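Engineer: Once you've had a glance at the structure underneath, I'll fire off some questions.
Since every read-out is calculated from the coordinates, none of them should be taken as a lab result. On a predicted model such as this, the values are computed, not experimentally measured, just so you know. Neighbour counts are summed over all protein chains in view; Cβ atoms, including those assigned to glycine, are modelled from backbone coordinates with ideal geometry.
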Amino acid sequence: MIRNLSTLVALRNTEVERLQTEMAEKASVRERYQKNLDRLTGLYTNSGASGNLPLALAGNCGDYKQAVMQMAANHKLDLNMHEADMAVSQLALNAAWVRREVLGKVLSKQQKVVDQEKNVIERKQHDELATQLWYRGQK
C-alpha cells in the first residue's frame, strides 16, 4: 500500500512540475505579448501629427496609424485571452498541488502506522528474548 501511495505521490509531483513548466512558458508568452503591445503603441503614438502634412501624406499617415491601432487592439484582445487561459492553468496547478499535498499527508500517516506496527513487533520480540533469558537464568 505504501508503494502504491508513493507512486501516486510521485505521479502527482510530476503533474505539478509539468503544470509549473506550462505556467512558466505561458508567463513568457504573456511577457512577449506585452512587449509587442508596447512597441505597437509606441509606433502609432510616435508617428507624429498628420495635420501638418500634405493631403496625400496625411491620408497615408492616418491610414498607417489606424492600421497599427487596429493591430494593437487585436493584440490586446489576444493578450486578454492568453491571460484568461493562464488563470485557468493556475487553477489547475493549484488543484494539482492540493492533490499532491493530500496524498503526501496520507502517505506520511500510513508510513507512521507501519513504523508503529514494526516497533510493536520489535518490542514483542525483545520482550520474548528477555523473558527467555530470564527463564534460563532462573534454571
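Engineer: Dipole size in debye (nearest 20) for the chain around its Cα centre, Lys and Arg Cβ +1, Asp and Glu Cβ -1?
Structural biologist: Rounded to the nearest 20 debye, it is 680 debye.
Engineer: State the label only: which of [x] 1.57; [y] 0.94; [z] 0.96 corresponds to Rg/Rh (Cα atoms, Kirkwood Rh) computed from the shown model?
Structural biologist: Answer label, from the structure shown: [x].
Engineer: Given a Förster distance of 35 angstrom, what is the FRET efficiency for Ser28 paired with Val98, based on the Cβ-Cβ distance and rounded to 0.05?
Structural biologist: Efficiency, rounded to the nearest 0.05: 0.90.
Engineer: Pairs of alpha-carbon atoms within less than 8 angstrom and 6+ residues apart define the contacts here; what relative contact order does segment 2-113 have, in percent?
Structural biologist: Averaging sequence separation for qualifying contacts and normalising by length gives 50 percent for segment 2-113.
Engineer: Where Lys and Arg each count +1 and Asp and Glu each count -1, what net charge lies around Val9 among other residues with Cβ under 14 Å from its Cβ?
Structural biologist: +3
Engineer: Using only Cα atoms, find the angle between the long axis of helix 2-45 and the longest principal axis of the chain, and express it within 0 to 90 degrees, rounded to the nearest 10.
Structural biologist: Tilt of helix 2-45: around 10 degrees.
Engineer: Taking only Cα atoms, what is the 0 to 90° angle, nearest 10, from helix 55-138's long axis to the longest principal axis of the chain?
Structural biologist: It is inclined by approximately 0 degrees.
Engineer: Have a look at Gln116, Gln70, Gln125 and tell me which one the Gaussian network model of the chain (Cα, springs below 10 Å) gives the largest fluctuation.
Structural biologist: Taking springs between Cα atoms under 10 Å, the residue moving most is Gln125.
Engineer: Would you mind getting me the FRET efficiency between Asn80 and Gln20? Use the beta-carbon distance for r and R0 = 22 Å, nearest 0.05.
Structural biologist: Efficiency computed from Cβ-Cβ geometry: 0.40.
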